[in-house]
Every structure is written in C-alpha cells, then in structure tokens.
C-alpha cells in the first residue's frame, strides 16, 4: 500500500484543505516539548526550515527562513518572525553553503527521492552544518506518508554524506523520531 500523500502535488492539495485547522492539529502530533528540543539543537545563525507550513517549528526565530510549496500554508503563518518564501527544496532558490542548520520537521517524507533531496540540503549547508529531522513513528501515519524507521533514517543520511549524531524516539510512546545529522566534506 502506498501512502496517500506520496508526492508533492497531493501534499499541496491536501494541505490547502487542512491549512484551516492545521495549527490546532500540529501541536498534538509534534508537541511543544518536541519543538523546544529541536530548537535547542540548532547551531549557527543561518537557519532554513524546509516545509515550514504555518511556521509552528521555527516561528520564534528571527534569523530563520521558512520555505514551503503550499501558498495556503504560508498565508496562515501570521506570527512568523523570520522570512517566508514559496519555494521547493528540490529546486532551491538559495546559494550553495548558505545555512548552518536546516530543519525538516514533518517534511522529508514528501520528497519523491529522499536521498537526492538530502543531497540538495547537504549542498545548502555550510561546512559542519546540520540537519534536524522530526517525523512520525506511528502505524496510523503509514496510510498518509512514508514512516521511516531509525535504521532507514540512518541509511538515508549516510547515502547523502551526513554523519548521524542522534536518532531517537520522542514524545508519548515514541510517537516520533528525532534525528541530528552533520554534513561531511
């Protein structure tokens, strides 16, 4: 069985409808505690939030740039303190080696070719930069998106020339995975 939201086009349509209630749902999936844990791991000054949605994860970071492919989601990011750009991570509008930290909270599984997507993110990171990942780890999510195991995440990052520093289950009963991976080379 393939996930319903297995490609970006379907995700854009889905989130166009869900954007109205997204800010009420998202904190129950990725809790404030998870958000704070991720924020504490940020390194450097230049931050990119890939799949920023309504801005939940990086909303308080004035030096963050949030990108998303859904205009409807971005239009609901009213309290976002950084910059917001309608853009696709796979066709980045940014110069190479522009960021210290890239956040992928609830977005990596939409990329049609995740290793290629991670390689693009790798090229956007400065030397020694990091990717912070947060994604689901519950069976119900498999209907909607691809749910990566810890071993799959480690392999994806390795194939994209990252060194995984942390992979752990977080939240109530390990509802999500958190990962921190550092750019090699």
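Quick look at the numbers
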{"item": "Checking residue 128 against (1) surrounded by 20 or more Cβ atoms within 10 Å (Cβ to Cβ); (2) more than 15 Å from the chain's Cα centre (by Cα), the condition it does not meet", "result": "(1)"}
{"item": "Residue in the range 98-107 that is out of contact with any helix residue (DSSP H, G or I) (no Cβ under 8 Å at 6 or more places or on another chain), surrounded by 21 or more Cβ atoms within 10 Å (Cβ to Cβ) and modelled with pLDDT of 95 or more present", "result": "yes"}
{"item": "Single condition residue 145 does not satisfy, out of (1) at pLDDT 95 or above; (2) buried (at least 18 other Cβ atoms within 10 Å of the Cβ); (3) not in a helix (DSSP H, G or I)", "result": "(1)"}
{"item": "Residue within the range 11-18 that is at negative phi, outside any helix (DSSP H, G or I) and either crowded, with 16+ Cβ neighbours inside 10 Å or at pLDDT 90 or above (or both) present", "result": "no"}
{"item": "Restricting the range 154-185 to residues that are in a loop (DSSP other than H, G, I, E, B) and modelled with pLDDT under 95, the residue that is nearest to residue 113 (Cα to Cα)", "result": "184"}
{"item": "Residue match in the range 112-128 (condition: in a helix (DSSP H, G or I), closer than 25 Å to residue 59 by Cβ, in contact with a helix residue (DSSP H, G or I) (Cβ under 9 Å, 6 or more places away or on another chain) and at pLDDT below 90)", "result": "no"}
{"item": "Matching residues in the range 82-95 - criterion: being in a loop (DSSP other than H, G, I, E, B) and either in contact with a strand residue (DSSP E or B) (Cβ under 9 Å, 6 or more places away or on another chain) or over 22 Å from residue 162 (Cα atoms) (or both)", "result": "82, 87, 88, 92, 93, 94"}
{"item": "Top-ranked residue of the range 58-84 - restricted to ones that are modelled with pLDDT under 95 and touching a helix residue (DSSP H, G or I) at 6+ places or on another chain (Cβ under 6 Å), ranked as farthest from residue 130 (Cα to Cα)", "result": "72"}
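Let's see how each residue does on (1) over 22 Å from residue 114 (Cα atoms); (2) surrounded by fewer than 21 Cβ atoms within 10 Å (Cβ to Cβ); (3) free of Cβ contacts under 8 Å to residues at least 40 places away in the same chain:
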site: 53; (1), (2), (3): no, no, no
site: 67; (1), (2), (3): no, no, yes
site: 80; (1), (2), (3): yes, no, yes
site: 83; (1), (2), (3): yes, yes, yes
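The values are calculated or read from the model by the stated rules, or taken from the named source; none is laboratory data. This one's a predicted model, so the numbers in the text were calculated from it and none came from an experiment. Virtual Cβ from ideal backbone geometry, glycine too; neighbours counted across all protein chains shown.
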